[in-house]
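Worksheet for the structure shown next.
The values are calculated or read from the model by the stated rules, or taken from the named source; none is laboratory data. As the structure is a computational prediction, the values presented were derived from the model and not from experiment. Neighbour counts run over all protein chains shown; Cβ positions are idealised from the backbone, glycine included. Accessible surface areas use protein heavy atoms only, side chains included; no ligands, DNA or RNA. Shrake-Rupley method; radii C 1.70, N 1.55, O 1.52, S 1.80 Å.
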Amino acid sequence: MAIQERSWIGRPVPRTEDRALVQGLGQYVSDINFEGQWVMALVRSPHAHARIARINTEAAKKLPGVHAVITSQEWENLRRPLPGMAPIAPPALAHDRVYYVGEPVAAILADNRYVAEDAAELVEVHYEPLPALSNAEEAAQDQEILHPSLGTNVVDRVQYESGAGRGALAAADHVVTATLRLGRVSAQPMEPRGIAAHYDPQNQTLLVYHATQSVHRAQERIAEYLGMEKSQVRVIAPEVGGGFGVKNGTYPEEALVTYCAVHFQRPIKWAGDRFEEFLSTYQEREQIHHVELGINRDGTLVALVDTYYQDNGAYPGGGMIVSRTTARNLPGPYRIPHLAINGAAVLTNKVPQAPYRGAGRPQGHYIIERMLDRAAEELGMDRIEIRRKNLVRPDELPYRTGIPDAMYDSGDFPQAFQDLLEAIDLSAFRKRQAAARQDGIRLGLGVANYVEVSAGFGFEGVRLRLLEDGQVLLSTGATGQGQGHRTALAQIAADTLQLPLDRITVVEGDTDQIQKGIGTFGSRTMIMAGNAARVAGEGFIAKAKDWAARALEAHVDDIIFQDGRFSVQGVPSVSLDWAELARKIAPSGEMLIHEDYFGSGTPTYGFGSHGMIVRVDERTADIRIERYVIVHDGGTIVNPLLANGQVIGGTVQGLGSALYEEMIYSEDGQPLTTSFLDYRLPGAVESPDIEIHHRDYPAPSNPAGYKGVGEAGIIPSQAIVLSAVEDAFQDRGLKLDFAPVTPGRLFQALEEKGGFQ
Amino acid sequence: MKPPAFQYYQPHTLDEALQLLSEHGDAKILAGGQSLIPMMNMRLAHPDVLIDINGLTELTHIKETDQGLAIGALVRHYQLEQHPLIQRKVPLVAEAEHLIGHPAIRSRGTIGGSLSHADPAAELPVLATLFDWELVVSSAAAERTIPAREFFLSYFITALAPDEMVTGVRTPSHAHAGAHITEYAVRAGDFALAIAAASIVLNASDTIQSARIALGGVADIPWRDPDFEASLQGQSPSPSLWREVGQHIKEAIDPTDDLHASADYRRQLAQTLVEKALAGALERAKLAEMKGRQA
């Protein structure tokens, strides 16, 4: 049997975690209950911007079952800025001003959540409302500055220029201009945020159960805020029900729960609810772009000039990563010799921004793909043709986009696009589209190409331990949130250690199980932890050979490891497997453990092409997806089932932000879509069957060739949906410049073109 | 999202329930709980007392009467969807149920709850208005019936007195044969942006003997205009007539802007759906007439 056939890599192994999860046996933060715990509920600001005149907590404190009502008026310690957010961070509880609806103002500790919410209603906060900033472009003018210590509302600027920059527009045959916008979206993981903490006064240690994407970063923040050593703080992420980026940063609730647990020497738990998920969990996507695209008569791209404003909400959150990643994604997979990019992340009176699945990748691609459609129209060129002409060719790889450190390194972009068009059968579609239009049915085709940049910084680690029964325990700091790491990392380790899959148990997200870690976000885990599993596996085998040498009374250099067994060179009849080795080690009282790390500063570049066909009802403005096809490169694929799950999940989530989902705020900063009644996630009925064709070009920048796959699906979603709907009304000259294109917005856009005819 | 404290009663008979209702000023009836419980969890509703009527088997009947059916207030959506009497006598009710929420909602929600909640974008109030259902309403002191068109007063406001509850519905079965309901909702199971339901009875000469049209989601109560309906009597049904009707209704309604649809968009939806509902109703009316002749 060839080695390759025996490999676990590339096998569609069903998720080992599912048996427990589908039976409802998963333990999430809200399932963790400490003896004698108090639960926390928060009084949140109902104003987008207001001065706090005074707070009266007397009535709340008197309610039976309430143990404490905490404000930073009384607790000066809680006015300190939270760790891990720069250049300005919020306090745990607002004391003189509130900056967004949902900002915590007082914390209630009570026997249970019912009583705590009753008490929250009894807290009287006297606010003096202030004018709210709800438009990023206006806020960037600094007529009124939210945080005087910053001196400006522009919390971050990103500027890139390549070639002749803006000057190159003059040399282009045409300059196409547009203002394009993206609405605000909310990630809404199935499990809301939550945290529970237990302080042991005797040992002065704090145990924290945390719905987080990064236990080690949480440990660092908590230790810093409480003035404890990291070694005193253990953070465990139990099952986490989705993260999508928003369970990864600094939040007031983390500081409040841990601070109170230490102060009161009582276990404290906060399990956020759906309403709080809308009011306080960081949001994303909201940007406005003013774009100029220089293009030659033959369709060749000359220059892209983009000035944009990101509505970052009241605090930085992690929003700066989003606006910077947006800039880096603006060229997409296209050759653009001259770039001038100027982005601003602007503070307003809304919930802060943080990276949400895609985190700038969808925004950047939305701009270039929309502009290609506009350019094609301007030139009277086919939308397909203009893309073909400008896609980076394989002979140009490695290709520098003009943005520092961005270098596409592998694959064949034009071939993927060609394969997509063949899968869709473009010419047959165009015929069908024309025939359908005769019958009053509007069909539209959307296409988009993308590059998925992943990882490219830091490290991740894996620790392997041989248990007494010969099983191997694999721990990593790359805390999963449902991705299936326990299956995929076990597959990688099983290959290296030549063990059956079920002999490897993966433990994610426990700071006691591995010293260092960064976490799971930005599609980095297979690249970083996956390679670390290989590196650690090799070191583990080397240490195992030492033990085998002792057991087999041979020199370690003569020990060979083959087919999962250790033997002495030339004496194949005497050998030990992992279980036998474990039994040999046991009497010594020692343990076979190896911890190793993989670091890389070079990102990976997956890529692909999406195509979709929509059917639009002109009278109801209803958009139905008839077909969705993806050609996807994700490098070396560890588990096609998991990779497909990531691509399909991302695509459906993207369809949400392209068709349904929008956090709508009033002009005075009131969020208007704060339940699933008004904030519409796509459901099963709305999700099309998605055809995926894999193209697996290994990443040259890491030994295993892994690339990110978590964001591939969501990157082109907004671009492709708007493109497809426009195509359905190509004869009417429909132009869409806002994502999502909800039925209400499409109706409006059609009205501007004369309405239903 | 936890409700404030409330007193909870679980009466075993209707009389007991009505007695409790008369004794407590701020009491709410708990049936399927599909609207009340979320409102309490969001603290938009703070009832002092909940009277849980789920144990009242006397409100679970579906019975044939001289005019049509008598349906107990506690009959659940899924029963309206599946019960043979409903499917035979008032088939449009069974059909409309497919448009209501999701199976989980339909397994709990009740006809009495849906009508009492009086959401103008819900399907059952539209059908109640279209077919002139009578709502049987009881208090500890008396029982009365309220015609549907007098029951709905505004958004979530009905003609129920504080000590009254809906105990049942009388629905005539005539005019169901040539009826159709259609709506537009953004996602499957969403509240519709607009609903149109129509029923047509034809004369022997294939002209319109009577036509009814009701809409949901376009006003504070289900919309219907019997005078306009009367103007259709004697006319020959045709696509161009439906277009005229659609146009008329588009101008006659006065919807408001909200988060998900502008007034203009709702007008266009209403117009489109009315045409579709009338065309669907006519097709069925013809079919019914043909079957009638054969029989």
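Structure values in brief
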read-out	value
Filtered residues of the range A:655-677 (kept if small (Gly, Ala, Ser) and within 21 Å of the chain's Cα centre (by Cα))	A:GLY656, A:SER657, A:ALA658
Test: A:VAL631 is open to solvent by 10 Å² or more (accessible area, probe 1.4 Å) and either part of a loop (DSSP other than H, G, I, E, B) or touching a Ser or Thr at 6+ places or on another chain (Cβ under 7 Å) (or both)	no
Tally of residues being crowded, with 22+ Cβ neighbours inside 10 Å and assigned to a strand (DSSP E or B) across the range A:643-694	2
Top-ranked residue of the range B:183-200 - restricted to ones that are among the hydrophobic types (A, V, I, L, M, F, W, C) and out of contact with any Lys or Arg (no Cβ under 9 Å at 6 or more places or on another chain), ranked as surrounded by the fewest Cβ atoms within 10 Å (Cβ to Cβ)	B:ALA188
From B:SER35, B:SER22, residue being within 14 Å of another protein chain (Cβ to nearest Cβ), in contact (Cβ under 8 Å) with a residue 60 or more places away in the chain and of a type outside the set (Val, Ile, Thr)	B:SER35
Subset of the range A:7-57 that is among the basic types (Lys, Arg) and surrounded by fewer than 13 Cβ atoms within 10 Å (Cβ to Cβ) - its residue that is nearest to A:ASN135 (Cα to Cα)	A:ARG54
The range A:109-127, subset away from chain B (no Cβ under 12 Å) and part of a strand (DSSP E or B), residue nearest to A:ALA59 (Cα to Cα)	A:GLU124
Where a residue in the range A:586-600 is more than 17 Å from A:GLN513 (Cβ to Cβ) and touching a residue at least 24 places away in the same chain (Cβ under 8 Å) and its partner, wherever it lies, is among the polar types (S, T, N, Q) and in a loop (DSSP other than H, G, I, E, B), with Cβ under 7 Å and at least six apart	A:SER600/A:SER701; A:SER600/A:ASN702
Test result for A:GLY163, open to solvent by 20 Å² or more (accessible area, probe 1.4 Å) and not acidic (Asp, Glu)	yes
Unique match (being open to solvent by less than 10 Å² (accessible area, probe 1.4 Å), in contact with a helix residue (DSSP H, G or I) (Cβ under 7 Å, 6 or more places away or on another chain) and either of a type in the set (Val, Ile, Thr) or away from chain B (no Cβ under 14 Å) (or both)) among A:VAL568, A:VAL574, A:VAL614	A:VAL614
Residue selected from the range A:58-81 under the condition open to solvent by less than 10 Å² (accessible area, probe 1.4 Å) and not in a strand (DSSP E or B), by the criterion farthest from A:ALA354 (Cα to Cα)	A:ALA60
Check on B:SER35, within 18 Å of B:ARG106 (Cα to Cα) and hydroxyl-bearing (Ser, Thr, Tyr)	yes
The range A:519-541, residues that are in contact with a Phe, Trp or Tyr (Cβ under 9 Å, 6 or more places away or on another chain) and surrounded by fewer than 24 Cβ atoms within 10 Å (Cβ to Cβ)	A:ARG534, A:VAL535, A:ILE541
Strands (runs of 3 or more DSSP E) lying entirely in the range B:170-273 (those with 1 or more residues that are within 12 Å of chain A (Cβ to nearest Cβ))	B:179-184, B:194-202
Pair list, Cβ under 8 Å, 6 or more apart: the range A:641-657 residue of a type in the set (Ser, Thr, Tyr), other residue open to solvent by less than 20 Å² (accessible area, probe 1.4 Å) and part of a helix (DSSP H, G or I)	A:THR651/A:SER717; A:SER657/A:PRO362; A:SER657/A:SER717; A:SER657/A:GLN718
Residue among A:ALA549, A:ALA542, A:ALA579 that is at pLDDT 95 or above, within 15 Å of A:GLY470 (Cβ to Cβ) and either not in a loop (DSSP other than H, G, I, E, B) or not assigned by TED's automatic domain parsing to the domain that holds A:LEU497 (or both)	A:ALA579
Residue count, the range B:96-119 (criterion: touching a strand residue (DSSP E or B) at 6+ places or on another chain (Cβ under 6 Å) and not hydrophobic (A, V, I, L, M, F, W, C))	3
Residue that is farthest from A:ILE714 (Cα to Cα), among those in the range A:733-757 that are more than 14 Å from chain B (Cβ to nearest Cβ) and open to solvent by less than 40 Å² (accessible area, probe 1.4 Å)	A:GLY733
Condition check for A:GLU726: more than 14 Å from chain B (Cβ to nearest Cβ) and of a type in the set (Asp, Glu)	yes
Answer from A:ARG745, A:ARG695, A:ARG680 - the residue that is outside the structural domain of A:ALA532 (by TED's automatic domain parsing), among the charged types (D, E, K, R) and within 30 Å of A:GLU422 (Cβ to Cβ)	A:ARG695
A:ARG388 within 15 Å of A:GLY402 (Cα to Cα), part of a helix (DSSP H, G or I), touching a residue at least 24 places away in the same chain (Cβ under 8 Å) and not polar (S, T, N, Q)	no
Yes/no for A:ARG619 being open to solvent by 20 Å² or more (accessible area, probe 1.4 Å), assigned by TED's automatic domain parsing to the domain that holds A:ALA428, more than 17 Å from A:PRO716 (Cα to Cα) and modelled with pLDDT under 95	yes
Residues within the range A:308-353 that are in contact with a Gly (Cβ under 8 Å, 6 or more places away or on another chain), within 30 Å of A:GLU396 (Cα to Cα) and open to solvent by less than 20 Å² (accessible area, probe 1.4 Å), tallied	12
